[in-house]
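Remarks on the structure that follows.
The values are calculated or read from the model by the stated rules, or taken from the named source; none is laboratory data. It should be emphasised that the depicted structure is a prediction, and the values quoted were computed from it without experimental measurement. Positions of Cβ are generated from backbone atoms using ideal geometry, with glycine treated the same way; all protein chains shown enter the neighbour counts.
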Amino acid sequence: MKILHNVRVLQISAGQLHTIDKAAITWQGQQLMYVGTRADMPRPDVGAEWIDGCNALATPALIDCHTHVVFGGNRSEEFAARLSGMSYSDIAKAGGGIRTTVRHTRAATEAQLLQSVMQRAQAMRRGGVGTLEIKSGYGLDLATETKMLRVATQLSAQTGMRVRRTYLGLHAFVAEEWPSRTAMLEAVCNSWLPQLHAQGLVDAVDAFQENIAFNADEVRQFFAAAKALRIPVKLHAEQLSNTQGAALAAAFGALSADHLEYLDDSGIAAMQAAGTVAVLLPSAFYCLRESQLPPIAKLRAAGVPMAIATDCNPGTAPNTSLRLAMHQACTLFGLSIPEALAGVTDIAARALGLVDTGQLRAGFCADIALWQVDHAAEIVYWLGDLPAQQLYVAGRKCEV
Ligand code: DI6
Ligand code: FE
């Protein structure tokens, strides 16, 4: 048994922050046993390990529920091109964008990919992230998609972080490599997905539904294949235009629909009815210098839970700081501090289908971040480095 004492504990419920002062947290193995005041703590086991929290603020370890953090190369040259006037869509149509990263990711060895993602993941971990979702999607062939998902699996062992792997089967269509779009769909749905699933590499699937990517019929076919294998689905929806992606995702009981700048009222209603989480990605909004805001007030009014993630990727969000994404969600999208904190803990867990992480309560996983701050708002407020003092994932201490 472990006993973290001399801490203040942040709890987030019903949109309110609540701090327990002079608190203690105990856990056995991976599971929290007690979270409350030190005074009320049940008598500990003899031989329990005592850990001094130095009066830090304890929060659930943060959860980054949407990333593309495994990739080869980078896209700084396209960033420069965008600064001189080219749009993200122009670059994609000219064969760049996602396809640039596909070339680099195919060329990289598994060891090279692991080495580059380790650096980014270490920055995330230092920022208090204990759980990380990682999407494939820069392979677009079976060998490279497999390589990406294997690297994501290895990353967990190397860093101690919990990793959820998402097969982003429909990210981009490379016309030169296929006789038709139907042929690609056929391979992804009936061959690659079942093979990746059989190797235990897939926790969920995702697709990019957009005018420059895949249409509703194609996504529906892919989701039907995932459903047949009982794999949960997620969707990049209404990022650059409205293609009724959120409603389609909701119809499949999706864990989340992500981006959502162009989400409309019917999409909100469908998400609300299905319990689909809205994942907000303000770093991509910022990098693309978008002006269309996701309909935050309407999502809030409808009671659709809102998570926040980095979308860490080389094209639209070269960001390893979940705290920066939280800050952007507040400054650019108008979220409150409690919404931002819930969006990277409890609600982010829901967006990944994790039922026992993201809260500091008995029975949940012992995933804890300690912060040297006076008030929880500082976690969102400071720009730049604010390293977690200590981090525990599934009861085990991680380096920060
Ligand atoms: N939407 C995104 O924001 C990322 N993928 C997607 O479907 C961007 C991917 C990239 O540009 O590399
Ligand atoms: Fe994304």
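Would you be able to tell me the number of residues in region 118-169 that are under 19 Å from VAL393 (Cα atoms) and touching a residue at least 24 places away in the same chain (Cβ under 8 Å)? It would help to see each step written out before you state the result.
So in region 118-169, the residues under 19 Å from VAL393 (Cα atoms) come out as 118-134, 152-165.
Those left that are additionally touching a residue at least 24 places away in the same chain (Cβ under 8 Å): 118, 120-134, 152-155, 158-165.
Counting residues in region 118-169 that are under 19 Å from VAL393 (Cα atoms) and touching a residue at least 24 places away in the same chain (Cβ under 8 Å) gives 28.
Of GLU110, GLU133, which residue is touching a Lys or Arg at 6+ places or on another chain (Cβ under 8 Å), of a type in the set (D, E, K, R) and within 30 Å of GLN359 (Cβ to Cβ)?
None of the other options fit; the residue is GLU133.
Restricting attention to region 109-121, which residues are within 15 Å of ligand 1 (Cβ to nearest atom) and over 21 Å from the mean Cα position of the chain (by Cα)?
none
May I ask you to say which residue of THR59, THR37, THR19 is touching a Leu at 6+ places or on another chain (Cβ under 7 Å) and surrounded by fewer than 15 Cβ atoms within 10 Å (Cβ to Cβ)?
THR19
Out of all the residues in region 125-139, is one or more at pLDDT 95 or above, in a helix (DSSP H, G or I) and either of a type in the set (Gly, Ala, Ser) or within 15 Å of ligand 1 (Cβ to nearest atom) (or both)?
First, the residues of region 125-139 that are at pLDDT 95 or above: 125-139.
Pick out the ones that are also in a helix (DSSP H, G or I) and you get 125-126.
Still in the list and also either of a type in the set (Gly, Ala, Ser) or within 15 Å of ligand 1 (Cβ to nearest atom) (or both): none.
No, there is no match, as no residue in region 125-139 is at pLDDT 95 or above, in a helix (DSSP H, G or I) and either of a type in the set (Gly, Ala, Ser) or within 15 Å of ligand 1 (Cβ to nearest atom) (or both).
Within region 224-254, can you find the residues that are away from ligand 2 (no atom under 14 Å from the Cβ) and within 16 Å of the chain's Cα centre (by Cα)?
PRO232, VAL233, ALA254
Is it the case that region 222-234 has a residue that's crowded, with 24+ Cβ neighbours inside 10 Å, within 16 Å of ligand 1 (Cβ to nearest atom), touching a residue at least 60 places away in the same chain (Cβ under 8 Å) and under 16 Å from PHE252 (Cβ atoms)?
yes
What are the residue pairs meeting all of these: first residue in region 240-265, first residue within 14 Å of ASP206 (Cβ to Cβ) and touching a residue at least 60 places away in the same chain (Cβ under 8 Å), second residue outside any loop (DSSP other than H, G, I, E, B) and basic (Lys, Arg), Cβ atoms under 9 Å, and 6 or more apart or on different chains?
Between residues of region 240-265 that are within 14 Å of ASP206 (Cβ to Cβ) and touching a residue at least 60 places away in the same chain (Cβ under 8 Å) and residues that are outside any loop (DSSP other than H, G, I, E, B) and basic (Lys, Arg), the close pairs are LEU255/LYS234; LEU255/ARG350; SER256/LYS234; SER256/ARG350; ASP258/LYS234.
Among the residues of region 197-214, write down those that are of a type in the set (A, V, I, L, M) and either within 20 Å of the chain's Cα centre (by Cα) or crowded, with 24+ Cβ neighbours inside 10 Å (or both).
Scanning region 197-214 gives LEU201, VAL202, ALA204, VAL205, ALA207.
Just to be sure, is ALA121 closer than 30 Å to GLN390 by Cβ and either within 16 Å of ligand 2 (Cβ to nearest atom) or touching a strand residue (DSSP E or B) at 6+ places or on another chain (Cβ under 9 Å) (or both)?
Against the criterion (closer than 30 Å to GLN390 by Cβ and either within 16 Å of ligand 2 (Cβ to nearest atom) or touching a strand residue (DSSP E or B) at 6+ places or on another chain (Cβ under 9 Å) (or both)), ALA121 qualifies.
Okay, residues lined up against (1) at positive phi; (2) part of a loop (DSSP other than H, G, I, E, B); (3) touching a Pro at 6+ places or on another chain (Cβ under 6 Å):
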site: ARG323; (1), (2), (3): no, no, no
site: LEU335; (1), (2), (3): no, yes, no
site: ALA348; (1), (2), (3): no, no, no
site: GLY353; (1), (2), (3): yes, yes, yes
site: LEU360; (1), (2), (3): no, yes, yes
site: GLY363; (1), (2), (3): yes, yes, no
site: VAL373; (1), (2), (3): no, yes, no
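Tally up the residues in region 256-289 that are in a loop (DSSP other than H, G, I, E, B) and modelled with pLDDT of 95 or more, please.
The first filter runs over region 256-289 and keeps only residues in a loop (DSSP other than H, G, I, E, B), leaving 260-264, 275-276, 281, 288-289.
Retained after the next criterion (residues that are modelled with pLDDT of 95 or more): 260-264, 275-276, 281.
Of the residues in that region, 8 qualify.
Among the aliphatic types (A, V, I, L, M), at pLDDT 95 or above and surrounded by 24 or more Cβ atoms within 10 Å (Cβ to Cβ): is that true of ALA342 in this structure?
Yes.
Kindly provide the set of residues from region 59-68 that are closer than 17 Å to MET326 by Cβ and either within 16 Å of ligand 2 (Cβ to nearest atom) or free of Cβ contacts under 8 Å to residues at least 40 places away in the same chain (or both), ordered by number.
The answer is ILE63, ASP64, CYS65, HIS66, THR67.
How many residues are in contact with a helix residue (DSSP H, G or I) (Cβ under 6 Å, 6 or more places away or on another chain), within 14 Å of ligand 2 (Cβ to nearest atom) and outside any loop (DSSP other than H, G, I, E, B) when one looks only at region 291-321?
3
Looking at (1) in contact with a helix residue (DSSP H, G or I) (Cβ under 6 Å, 6 or more places away or on another chain); (2) part of a strand (DSSP E or B); (3) not charged (D, E, K, R), find the lone condition where ALA369 falls short.
Unmet for ALA369, out of (1) in contact with a helix residue (DSSP H, G or I) (Cβ under 6 Å, 6 or more places away or on another chain); (2) part of a strand (DSSP E or B); (3) not charged (D, E, K, R): (1).
Regarding GLY358, is this residue surrounded by fewer than 22 Cβ atoms within 10 Å (Cβ to Cβ) and closer than 20 Å to ILE134 by Cα?
Spelling it out, it is not the case that GLY358 is surrounded by fewer than 22 Cβ atoms within 10 Å (Cβ to Cβ) and closer than 20 Å to ILE134 by Cα.
Could you check ARG99 against (1) within 16 Å of ligand 1 (Cβ to nearest atom); (2) more than 30 Å from GLN359 (Cβ to Cβ); (3) outside any helix (DSSP H, G or I) and say which number it fails?
(3)
Exactly one condition in (1) in contact with a strand residue (DSSP E or B) (Cβ under 9 Å, 6 or more places away or on another chain); (2) within 16 Å of ligand 2 (Cβ to nearest atom) is not met by VAL102; state its number.
Unmet condition: (1).
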